[in-house]
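Written below as structure tokens is the structure these notes are about.
The values are calculated or read from the model by the stated rules, or taken from the named source; none is laboratory data. Treat the numbers as computed from the prediction; the structure is a model and nothing was measured. Here Cβ is always computed from backbone atoms with ideal geometry, including for glycine, and neighbour counts include all displayed protein chains. Each accessible area value is taken on the protein alone, full model and side chains, heavy atoms only, with ligands, DNA and RNA left out. Shrake-Rupley method; radii C 1.70, N 1.55, O 1.52, S 1.80 Å.
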Amino acid sequence: MKTTGRRKTAIAQAKVQPGSGNFIVNGKTVQEYLSGSPGLVLTAQAPLSVLEVKTNYDTFITVSGGGMSAQAEAIRLAIARALCLIDPSYRSLLKVEGFLTRDAREKERRKYGLKKARKAPQFSKR
């Protein structure tokens, strides 16, 4: 099954199929790709870990945009959606863990007259 997950500006496309537990991200193993932090690897693999099916499926991910943390969360959403399509009984477990919820928080745009989205220049009385 091919599914998409998004977080901030990161977009992940996941293909999950029955196999031996391979987890490939952009042509590299997940440990190589997310080598900066082991916590990100756990985040990306969380849906498979919760369902205890890590070795039952091969996962192929294409991810672009955003930072490493956003990419890991986009991967998590894409995998969770794919697993729901494979077996609808997984949905209730994944829903309880919050893996099927798209985090809609995005960077707020900068407004004219302000330095950042909400930060105003220093006020001067005179």
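Observations
- If the condition is being among the aliphatic types (A, V, I, L, M), open to solvent by 60 Å² or more (accessible area, probe 1.4 Å) and free of Cβ contacts under 8 Å to residues at least 40 places away in the same chain, then the stretch 49-106 contributes MET68, VAL96, ALA104.
- Number of positions in the stretch 1-16 that are open to solvent by 40 Å² or more (accessible area, probe 1.4 Å), closer than 17 Å to TYR90 by Cβ and at pLDDT 95 or above: 1
- Residue satisfying condition, being over 16 Å from the mean Cα position of the chain (by Cα), in contact (Cβ under 8 Å) with a residue 12 or more places away in the chain and over 15 Å from ALA78 (Cα atoms), within set SER20, SER37: SER20
- Filtering the stretch 19-35 to residues that are open to solvent by 80 Å² or more (accessible area, probe 1.4 Å) and not hydroxyl-bearing (Ser, Thr, Tyr) leaves LYS28, GLN31, GLU32.
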